[in-house]
Amino acid sequence: MNATRDPRTATLDGPLLHHTLLGDGPPLVLLHGFTGTGADWAHVFDLDALARQYRLVIPDLRGHGRSGNPSEDFTTRQCAADVLALLDSLGIERFRAIGMSLGGNTLLHIATRAPGRVERMVLVSSTPYYPAQARRIMATFTEESRTEAEWADMRSKHVHGDAQIRELWRHGRGFANSFDDMTFTPPLLGTVRAPTLLVQGDQDPLYPLELSVELYRAIPASRLWVVPGGGHGPIYGEQREAFARTALAFLAEPPLPA
């Protein structure tokens, strides 16, 4: 029997945040990557089966999908504040989480801002800061460089029209010159309490493997899974089954002793 999907839009102090609630059990928050939406998780998990284990909370992050962004700015720090406000509105104090790229970076902000709230988390293709190679790629995020296929894909995900899509690419381009949002030092990462699984492709063009090693060394209860041949976001296609099995086994482990 399929679980009942409950799509909602929460009015927060800032954006209207669209999110889907699915299932019962302990809360599991799924945060998508940049220019993605919450619906992307259906390409990774059997969400109906997962909802028999967890109460899934799957938002479209600000400015993505069906969510708004009344601000002309976009930071990962803002996304973290949005997610915490959403969970507050749902009466969720502690939760487990998986974040992909932007979603994982958002979880780093959450886990350092409110360490006691995250029980366990899986960070896929995340980074403590934007390296030079990522900034070079981010600087190319222009509307003119997009193909018709890329426009079609974006239009299928983001429902507020081409202006929303252009705004997202503008924000992505702005990451190239952002130096005060993703600035996680080892002492700050050392405040993370949640056991953390880091998943990184060894062929990621944005974030080199060395940055995941930095996260692994700095986050106290962390593990690092390097995916051979994996690019940015090695959780889809042929890597989907192994990722789902490994991530869910990690999330299901008992709490660490006090």
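Checked against (1) touching a residue at least 24 places away in the same chain (Cβ under 8 Å); (2) in contact with a Leu (Cβ under 8 Å, 6 or more places away or on another chain); (3) not small (Gly, Ala, Ser), Arg173 passes all but condition (2).
Applying the criterion of at least 1 residues that are more than 22 Å from Val124 (Cβ to Cβ) to the helices (runs of 4 or more DSSP H) found wholly in the range 144-258 leaves 148-157, 162-174, 186-189.
Does any residue of the range 12-27 turn out to be in contact (Cβ under 8 Å) with a residue 24 or more places away in the chain, of a type outside the set (Lys, Arg) and closer than 16 Å to Tyr236 by Cβ?
No, that holds for no residue.
Which is of a type in the set (Val, Ile, Thr), within 24 Å of Thr35 (Cβ to Cβ) and in contact (Cβ under 8 Å) with a residue 60 or more places away in the chain, of Ile92, Ile98? Ile98 is the lone residue from the list that is of a type in the set (Val, Ile, Thr), within 24 Å of Thr35 (Cβ to Cβ) and in contact (Cβ under 8 Å) with a residue 60 or more places away in the chain.
Evaluate the range 2-15: report whether one residue or more is surrounded by 21 or more Cβ atoms within 10 Å (Cβ to Cβ) and either under 28 Å from Arg155 (Cβ atoms) or at pLDDT 95 or above (or both). Checked the range 2-15: at least one residue is surrounded by 21 or more Cβ atoms within 10 Å (Cβ to Cβ) and either under 28 Å from Arg155 (Cβ atoms) or at pLDDT 95 or above (or both).
Which residues, counting only those in the range 119-157, are aromatic (Phe, Trp, Tyr) and buried (at least 19 other Cβ atoms within 10 Å of the Cβ)? The answer is Tyr130, Phe141.
The values are calculated or read from the model by the stated rules, or taken from the named source; none is laboratory data. Small disclaimer: the values here were computed from a predicted structure and weren't measured. We place every Cβ from the backbone using ideal geometry, glycine too, and count neighbours over all the protein chains shown.
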